Amino acid sequence: MKRQLSSSDEEDYESSRMASFCWWRSDAKFDECVKLKLDLPNVSSLTLRLRLLRELERLALVAAEGLNELRHKLLLYRSGDFWVPAGGISKEQMDIPQVITVLLVGFTSSGKSSLVNLMYSVLGRSGLIPFAQTSSGNCSNFTTMFLEEHNVLRSTRSGFCVYDSRGFDYNKMDESLEELSNWMNNGVHHKQLCRRAGDYLQTKEELETLALKSSTKFVTRRVNCAMVVVDIAKTYKALKAGDSKLLEATKNLFCSSALRKCNENPLLILTHGDMLSTEERIEGRLKLCECLGISETTGVYDIVCLTEYGFLVEESDPISAYALTEAVYRALLISDRGHLPRKTILDWVTLVLAWLFCFIGAFFACLADICSRLASGNKLKL
């Protein structure tokens, strides 16, 4: 017969289980962070390291109970639910799309597809998991050349969708930022072709297939919020080796005008292609946040998508599951609070009249300049 665990044994088992996910508790400064909980000091006076440890502890404390609550809110979410009335404008007067679009952007092999797979596993709790096609880096592979729309809740009434994009090349930042600007300004649609210079197409049939797959029959959606996905392990190791090129490219991407136009502070998702020590994970996050000029705690989520054996962490790591859910929830909050009023007929009439008066003013300004030049020429002749 199996021995039943006592309450103390269960508590020990649960604490040891949580300890494997709370990696930051092995940091030398963690004891000081625990003592600060009772004192409730002024947060602004804390060091960056202590602020980060407090934020990671917050996620650990609310992960167990907060995950189901946030997941339920996302399941019931409809576009515009988080909009806050302001200026006497009603919700009906706002230009709110039927579906909120969250776009994942980042460099090649940064973990975007793994993040989408984890969203399916954590947020969509029933049915088979339709795993996203992970980019292989082969340009002839169709799945690496398209934008993919994902309903991660697997619900017919889902109020948001997530787009997985083709990874950028940090050695070609001008091309990457131009493509990003096109997505943000013109919108995105499912199976949209992301063909770039250097892509090799072997046959005419392959080109025709690509054109068919990227057909405009899919609905074009305006991007409402962007998440920048960064492989913190790869970035930190490159920086430690004296190569800051990847870090600078990440800064150019995160601070690009195209992303800032969508939302002033894009969300930053840190994934781990390789395992790092506690010291390396903390130092890597602090250095990255310092370079990007953002808070080390607000809008930054450290998420482990895969275990060391290559499996999705799913709910075996409740902290990563909750961090991912909170990131999606925050993205929807940002999106709903960035909606603009819908243009009415009066707005369009006012715009047309404004352009008309500008044209008339420019016309008379040019006419006055011409007459002035003619008058000065006649004076010289006299």
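Rule-based calculations on the coordinates, nothing more; no lab input. Everything numeric in this text was worked out from a predicted model, so none of it was measured. When we count neighbours, we look across all protein chains shown, and the Cβ atoms used for this are built from the backbone with ideal geometry, even at glycine.
What to note about this one:
- If you bin all the Cα-Cα distances of the stretch 257-377 at 10 Å, starting from zero, the percentages per bin are 10, 24, 20, 12, 11, 11, 8, 4, 1.
- Per-residue ³J(HN,Hα) for the stretch 350-363, Karplus 6.51 cos²θ - 1.76 cosθ + 1.60, θ = phi - 60°, Hz, x for Gly and Pro: 4, 5, 5, 5, 4, 5, 5, 5, 5, 5, 5, x, 5, 5
- Residues Ser45, Ser165, Ser295, Ser158 arranged by fewest to most Cβ contacts within 10 Å: Ser45, Ser295, Ser158, Ser165
- Placed amide H near Phe168: partners under 5 Å, 5+ positions off or other chain: Gly106, Phe107, Thr108
- Distant-in-sequence amide H partners of Ala226 (H built 1.01 Å from N, under 5 Å): Leu103, Leu267
- Entries in Lys29/Lys287; Lys172/Lys343; Lys191/Lys343; Lys240/Lys261; Lys73/Lys112 that, when Cα-Cα distance is taken, lie over 27 Å: Lys172/Lys343; Lys191/Lys343; Lys240/Lys261
- Sequentially through the stretch 63-68, phi angles give Karplus couplings (6.51, -1.76, 1.60; θ = phi - 60°) of 4, 4, 8, x, 4, 5 Hz, Gly and Pro residues having no value and appearing as x.
- Residue by residue, the stretch 318-332 carries 3J(HN,Hα) couplings of x, 6, 5, 4, 5, 4, 5, 5, 5, 5, 5, 4, 5, 4, 6 Hz when phi is fed to the Karplus relation 6.51 cos²θ - 1.76 cosθ + 1.60 (θ = phi - 60°); x denotes Gly or Pro.
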